[in-house]
Amino acid sequence: MKDEIFSVLQRVGRSFMLPVAVLPIAGLLLGLGASFTNPTTIKTYGLEAIFGDGTVLHSLLTVMSAAGGTIFGNLPIIFAVGVAIGMAKAEKEVAALAAMISFFVMHVSCNAMLQLTGKILADGSIAPGVLEGTIASSCGIMSLQMGVFGGIIVGIGVSVLHNRYYKIVLPDALSFFGGSRFIPIVSTVVFLFVGIAMTFIWPIAQDIIFGLGNVVTGTGYIGTLIFGIVKRALIPFGLHHVFYLPFWQTGVGGSMMIDGQLVQGGQNIFFAQLASPNVAHFSADATRYFSGEFIFMIFGLPGAALAMYRCARPEKKKVAGGLLLSAALTSMLTGITEPIEFSFLFVAPLLFGVQVVLAGAAYMIAHILNIAVGLTFSGGLLDLFIFGILQGNDKTSWMLIIPVGIVYFFLYYFAFSFLIKKFDFKTPGREEDDEETKLYTKADVNARKAGAQGESGSADELSQTIARALGSKRNITSVDCCATRLRCSVADSELVDQKLLKATGASGVIVKGTGVQVIYGPKVAVIKSNLEEYLATAPEVEADAAAPAMEETAEVQAEAPVAAHGDHEFFAPVAGTAHAITEAPDAAFAGKMMGDGFFIAPADGHVVAPCDAEVMFVFDTKHAIGMKAADGTEFLIHFGVDTVKLGGQGFEVFVEQGQQVKQGDKLMEVDLDYVKANAPSDVCLVIFTGGQVVHMEKSYGIKALDAVASY
């Protein structure tokens, strides 16, 4: 039950990331627009000639401010559509349309009920005696003030209906309305009644929300400390989005009257004050949920990175330094902390505990010092500049961040240095195993190249490895990502190979129930897109390649009794020298992750069918062919290592998917000289993907169609 709840919360959390992703650009437009059209700012910096009223830039910035403001003003419907898209398993565009329709239907139903109950008068005004702020306009409809909670309710509800009914089959007379066309219909009916129900339920929910908000705000600085500690502690589980969003966007985070309008949620209050010309100092009670992040993200965690670098072994300092410098700069510039936090989370949980406490204290310290710097996504230098420095110290008290941050830098540095040395934590650069460090570094570079350069070959190879590590195509039920994590759901978590995932450049892997989170850092969006493209065309036979982790597979194979010979003979597809699969020049094949088999160091490039079989698939890069023997045995002929990067060059294939071949029929012709010159290895691998145990019969002087193995 706990695993299932975690999986659901993970899906909800990742669905928030699509609408949250629009906040930085909205904040940028509003921040720059409001800052440089504010008369006080213009006068303070002597910019009347450039940004004064009537100038071209003033007009442009006014438009920018309005554009950013409308995004914040319509966040509920943005969340409705975004959450529906994020949680829908397929045909996401239908879920988006249904969510938009349902959002309007729900609020119109609320509006009608409020008129019937007399809370909204015939002229559209709010009746006297109605609690101020409980009824407000949502996309032009006077309805209950549900904020983003209303959008989230619609998004989750529509996604549940969508995932259940998008393949529904109706009777012939109604068949036109079946499948995905049924979703907007059923959603409209359901949310008509949800809107009616909300007129009775939401006032109670509002009391609970405001009560929860009062508990946090009523406990003052201690409440801020608790918020900060809980938020940072949820980082490893990926549930921090679910936790902090209500404080940022709803009445849980407090409410305030600004220019005659009731505004709810810490972030909304800040941006409403930002756009107001009547604010002398931004509210630190509203910004308590994020102002402290600038202290530990810009100063504290870089101090931890320096400590880990100084504690690294001399021979590894160069490698560790590059990794830690990149992670520290990511934290400082963007406020994304996972790359550096996950560099010590799994190897030294005590250090993460220290980080949680110090980070939580930073939120409280910022609150105590009345620091009121807003942000759009995370506490990096860009947000500090726009929402702190540009707004002036009188409004934000941003200058206090610097002395506190310097103290935090040394606090992190000395605390981490002491604990790393005292407990001999294996932080980056202190590992005992050289090979593991090299593997991580090499894969990290490959992942970076695949993401930054967009090289299709590298991306395909990386995606193929990720898919294999997740248990293959059939085991992966959904793929998504947040700012730093690849978030996947799998059918069977036992098939997930965490070691192989880390080898792809991940700084951490979390498996909880059917949810898998792989931490890649800021390039994760590109990795996710490449993986989705790969899965869309990956062969179904790959699912049979799913196997336990390398160590476990080797252990199982070692324990299984191996007969002197198998019941079925298998013949060589190419001439050369045969070897056991465990000697293969590729870790995944050698670890039998795709299955048992053998490989042949080829004497020539003539590849023939080893038996009567059906061609199940031919890779578009021509280097591999999947086949099914007459007895049902499925096997893969894979020529070379990393030959997918050759893009088909050096290979000529003479068969196609679905074709029946006889033993000895020509399958492919390989230019061995070209493959040797451009790929790590030219070996011809034969992999049995159905779990067969393979016994080698002959290992040298092999001709094509010689009996080489049995299973």
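Here, the chain is characterised by an Rg to Rh ratio of 1.04, where Rg is the alpha-carbon radius of gyration and Rh the Kirkwood radius.
F282: net charge of surrounding residues, Cβ under 13 Å, Lys/Arg +1, Asp/Glu -1, itself excluded?
Computed value for this residue: 0.
Look at the dipole of the chain built from charges on Cβ: of L32, V373, G129, the Cα furthest out on the positive end belongs to G129. Each Lys or Arg adds one and each Asp or Glu subtracts one; over the other residues with Cβ under 13 Å from the Cβ of S180, this totals +3. The P(r) of the range 1-220 has a tail past 28 Å containing 46 percent of all C-alpha pairs.
Just how many % of Cα pairs in the range 570-711 lie over 19 Å apart, if you round to the nearest whole percent? Roughly 44 percent, rounded to a whole number.
Here the range 458-537 has an Rg and Dmax of 10.8, 30 Å, counting Cα atoms alone. Note the angle between two axes, namely the Cα long axis of helix 240-249 and the longest principal axis of the Cα atoms of the chain, as a number of degrees from 0 to 90, rounded to the nearest 10. With both axes taken from Cα atoms, the answer is about 20 degrees.
Summed over the residues of the chain and divided among them, the accessible surface reaches 42 Å² per residue at a probe radius of 1.4 Å.
The apolar share of the surface of the range 569-710, taken as the fraction of accessible area on carbon and sulfur atoms (1.4 Å probe, ligands and nucleic acids excluded), comes to 46 percent.
Angle of helix 92-116 to the longest C-alpha principal axis of the chain, folded into 0 to 90 degrees and rounded to 10: 30°.
In the chain, with Lys and Arg counted as +1 and Asp and Glu as -1 at Cβ, which of these residues, S493, A348, C611, has the Cα nearest the positive end of the dipole, that is, farthest along it? The one lying farthest along the dipole's positive direction is A348. With contacts taken as Cα pairs under 8 Å and at least 6 residues apart, the range 653-711 reaches a relative contact order of 23 percent.
The orientation-averaged shadow of the Cα convex hull for the range 356-427, equal to a quarter of the hull surface, comes to 5.6 nm². Note on I135: accessible area is roughly 10 Å² with a 1.4 Å probe, heavy atoms of protein only. When a/c is below 1.5 the answer is rounded, else prolate if a/b is larger than b/c, else oblate, so apply that to the range 188-235 with a ≥ b ≥ c taken from the square roots of the Cα gyration tensor eigenvalues. In terms of gyration-tensor shape, oblate. The Cβ shell under 15 Å around G292 holds other residues with a net charge of 0, Lys and Arg each +1, Asp and Glu each -1. Using all pairs of distinct alpha-carbon atoms, the Kirkwood hydrodynamic radius of the range 115-210 works out to 15.5 angstrom. Split the accessible area of the range 458-537 by element, probe 1.4 Å, and carbon with sulfur accounts for 46%.
Bridging of K666 to lysines at a Cα separation below 19 Å is possible for K622, K628, K703, once same-chain residues fewer than 8 apart are set aside.
Across the range 458-537, the mean sequence separation of Cα contacts (distance under 8 Å, 6 or more residues apart), normalised by length, yields a relative contact order of 36 percent. Selection among F409, T334, P277 by position relative to the dipole of the range 261-412 gives F409 as farthest towards the positive end (Cβ unit charges, Cα centre).
Nearest 10 degrees, 0 to 90: what angle lies between the long axis of helix 301-311 and the longest principal axis of the chain (Cα atoms)? Around 40 degrees separate the two axes. Dipole magnitude for the chain: about 2520 debye, using +1 per Lys or Arg Cβ and -1 per Asp or Glu Cβ, origin at the Cα centre. For the range 322-328, 3J(HN,Hα) computed residue by residue from phi via the Karplus equation (6.51, -1.76, 1.60; θ = phi - 60°) reads x, 5, 6, 5, 4, 5, 5 Hz, glycine and proline entered as x. The relative contact order of the range 560-711 comes to 36 percent, based on Cα pairs under 8 Å that sit 6 or more residues apart.
For the range 458-537, a simple Cβ point-charge model (Lys and Arg +1, Asp and Glu -1, everything else neutral) yields a dipole of about 220 debye relative to the Cα centre.
Dipole magnitude for the range 1-220: about 500 debye, using +1 per Lys or Arg Cβ and -1 per Asp or Glu Cβ, origin at the Cα centre. Packing around the peptides 332-338, 578-584, taken as the average count of other Cβ atoms within 10 Å per residue, puts them in this order, highest first: 332-338, 578-584. The protection proxy used here, the mean number of other Cβ atoms lying within 10 Å of each residue, ranks peptides 160-173, 188-201 as follows, highest first: 188-201, 160-173. Its residue count N sets the reference 2.2 N^0.38 Å, and the alpha-carbon radius of gyration of the range 315-366 equals 1.26 times that reference.
With 10 Å bins beginning at zero, the pair-distance distribution over Cα atoms of the range 268-408 amounts to 13, 41, 28, 13, 4, 0 %.
The values are calculated or read from the model by the stated rules, or taken from the named source; none is laboratory data. Note that the structure is predicted; figures quoted are calculated from it, not measured. Glycine also receives a Cβ, built like all others from the backbone with ideal geometry; neighbour counts cover every protein chain displayed. The area values use the complete protein model at the heavy-atom level, side chains included, leaving out ligands, DNA and RNA. Shrake-Rupley method; radii C 1.70, N 1.55, O 1.52, S 1.80 Å.
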